[in-house]
Amino acid sequence: MESILKAIKKKKIPINPAVVISNKPNAKGLQIAKKLGIQTEVIDSSKYKGKRQQFDKDVISVLKKYKVTPTNGLVCLAGFMRIISPSFIKQYKNKILNIHPALLPAFPGLDAQKQAVEFGAKFSGCTVHFVDEGVDTGPIILQEIVKVNSKDTEKTLSRKIIVKEHEIYPKAVELFAKKKLVIKGRKVKILN
């Protein structure tokens with residue numbers, strides 16, 4: 001999130017960030033957003049036990065309050081470790097981006113870096129993709145490769161991957177903002 005907001009502030013991405021929403025009241029991203037002059041909202045997911053649909057409705061309500069609509073908006077997930085309901089995804093179809101710390105379709109879901117180390121992968125990396133109704137299964141926009149060394153741990157691999165995440169997520173948002181992404185089936189074509 002921070003790398004995207006900083007790229008926007010430097011005028012590298014032609015969009016206006018409307019709001020940063022967190023499901024955790026003490027998320028570090030809230031302070032970063034405030035420091036960068038971005039509005040913040042908290043929708044505490046711990047108060048929605050078993051009410052995923054209601055949580056998502058409340059998120060959509062906040063998005064609309066800030067005029068982030070399915071026709072003119074983009075939702076970027078960063079550190080958001082919840083599965084979004086199908087109704088949210090349908091409403092914002094092809095308007096939700098996510099970053100994942102693996103080369104999808106390998107190692108989807110939680111603990112991707114740990115999965116890569118335990119599997120003995122020689123390469124890992126990160127993927128920016130559109131969010132669909134599956135877990136980390138949406139059309140892939142950008143990927144970046146990271147070599148996995150025999151001495152890598154989940155922690156050391158995570159540190160290498162996050163550097164690449166900070167590079168490609170802002171690039172993907174920029175491509176979206178400049179209308180350079182075309183989705184055809186499962187594939188994303190990047191226009192010149």
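Since every read-out is calculated from the coordinates, none of them should be taken as a lab result. Not measured: the values here are computed from a predicted model. Cβ coordinates were reconstructed from backbone atoms using ideal geometry, including for glycine residues, and neighbour counts include every protein chain displayed.
Tally time: how many residues in region 95-126 are basic (Lys, Arg) and over 21 Å from residue 84 (Cα atoms)? Number of matching residues: 2. Number of residues in region 117-131 that are of a type in the set (A, V, I, L, M, F, W, C), within 20 Å of residue 166 (Cα to Cα) and either loosely packed, with under 15 Cβ neighbours inside 10 Å or more than 14 Å from the chain's Cα centre (by Cα) (or both) equals 1.
Pairs are defined by a Cβ separation below 7 Å, a sequence spacing of at least 6 or placement on different chains, a first member in region 132-148 that is surrounded by 15 or more Cβ atoms within 10 Å (Cβ to Cβ), and a second member that is in a loop (DSSP other than H, G, I, E, B) and charged (D, E, K, R); the pairs so defined are 138/132; 139/186; 148/122.
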